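A short reminder: the numbers here are calculations on the coordinates, not readings from a lab. Note that the coordinates shown come from a computational prediction; the quantities given were computed from them, not determined experimentally. Cβ sites come from the backbone with ideal geometry, for glycine too, and all protein chains shown count toward neighbours.
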Amino acid sequence: MTNYHVLEWRGFFGNRKLKIGELAVKSNVTKRTIDYYTNLGLLKVERSSSNYRYYDETSIERLHYIENCKEKGMSLVEIKKNIIDNHSEDIDLQELRLKIKNLESDVSEVIGKLNSLDQQEIKKNISKESFSLIQSLITLVK
């Protein structure tokens with residue numbers, strides 16, 4: 001299993017992935033309800049190569065939120081709108097964290113090669129964006 005697949009199973013930033021049955025037990029809802037919410041776009045699911053459904057642990061909180069909103073009389077359409085409005089910043093943060101993680105990987109690679117390679121060789125091995133950020137970081141550190 002490649003590192004990417006391990007990350008995919010665990011989720012980004014250490015979140016473990018749950019199969020639909022595990023999610024149902026932990027959130028006290030049925031698998032059928034989870035499927036329904038997934039089909040409506042209220043929950044995100046990832047499928048493995050063997051077609052298992054994996055949900056992030058944050059889906060437990062999302063299911064509790066949905067159920068609480070339903071108890072207050074909100075429709076699923078209203079709930080979905082609230083989720084989209086309230087969680088768009090979370091998506092941006094996840095993308096930012098992923099970029100930071102990729103940058104950290106590039107920085108580690110550069111540090112390992114810095115002593116033996118010149119700048120031209122380093123530029124060939126990492127993205128231009130990462131190289132520019134590394135140069136800025138080095139300038140700030142000095």
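Points worth noting:
- Two-site label geometry, residue 138 and residue 40: point separation in nm, points 7 Å out along Cα→Cβ: 5.4 nm
- Here the peptides 44-50, 20-26 are ranked by packing, the mean other Cβ count within 10 Å, and the order with the highest first is 20-26, 44-50.
- Placing a label point 7 Å from the Cα of residue 97 along the Cα-to-Cβ direction, the residues of the range 53-87 with a backbone N closer than 11 Å are 57-58.
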